[in-house]
Amino acid sequence: MNYKTLAPLLSDIRGCQICADALPHGIRPVVQVSTRAKILLVGQAPGRKVHETGIPFNDPSGDRLRDWLGVDRDAFYDAEKFNIVPMGFCYPGTGKSGDLPPRKECALAWRHKLMAEMKNVELTIIIGQYAMAWHLGSGGRKTVTETVQNWKEYWPSKIVLPHPSPRNNIWLKKNEWFDAEILPLLKARVHQLL
């Protein structure tokens, strides 16, 4: 289907049933999109708490992410300022070592259509390996850490971040350069675009 405006596309996404049988907690697409936003935030997939509320990054990871960006909740949840488009729109459930990966069907069905509508994006913030693989392709490094370390290759239109989850506290402690080198520039760029 060819979409002439964003509203019918979002309506179809919110009514999507493509992987309903594979989602143990049911369907609840979580996405925030506007044609005007200059910042695109790309994550993996909603977690359990986000699934329950339907609000993206409405958890401790989101608190840390907003701090990294230097924005409050009002700015973050303003679709005219931030597009929030995870690789998978619904909570995939839990595996042995955390949440399962995002469902591939979601990106295949919807990603190109949504990206075509977001013509004003000037900064794409990429979080995690699945988002990195899609948005950087062969331009990414082997690991998220290596890609984050080589952030200047993608700057100022893209930046890769480690996941802001409290589970990554050890990574953040081992990589203090991230806080000192990247976050001040990221905050400045976000404020410039807002």
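Every read-out reported here was derived from the displayed coordinates using simple, explicitly stated rules and does not represent laboratory data. Note that this is a predicted model, so its numbers are computed, not measured. For neighbour counting, all protein chains shown are included, and Cβ atoms are generated from backbone atoms with ideal geometry for every residue, glycine included.
Within segment 170-192, the set of residues being buried (at least 16 other Cβ atoms within 10 Å of the Cβ) and in contact (Cβ under 8 Å) with a residue 40 or more places away in the chain comprises 186, 189, 190. Return the residues of segment 115-144 that are closer than 21 Å to residue 92 by Cα, buried (at least 20 other Cβ atoms within 10 Å of the Cβ) and of a type in the set (Gly, Ala, Ser); say none if nothing qualifies. Of everything in segment 115-144, those that are closer than 21 Å to residue 92 by Cα, buried (at least 20 other Cβ atoms within 10 Å of the Cβ) and of a type in the set (Gly, Ala, Ser) turn out to be 128, 131. Among residues of segment 147-169 that are in contact (Cβ under 8 Å) with a residue 40 or more places away in the chain and closer than 20 Å to residue 61 by Cβ, those with a beta-carbon under 7 Å from a residue that is small (Gly, Ala, Ser) and in a helix (DSSP H, G or I) at least six positions away or on a different chain give the pairs 163/61; 164/61; 165/61.
Candidates 155, 177: the one that is more than 25 Å from residue 49 (Cβ to Cβ) and touching a Lys or Arg at 6+ places or on another chain (Cβ under 9 Å) is 155.
Yes or no: residue 165 among the small types (Gly, Ala, Ser) and surrounded by 12 or more Cβ atoms within 10 Å (Cβ to Cβ)? So residue 165 fits the description; yes.
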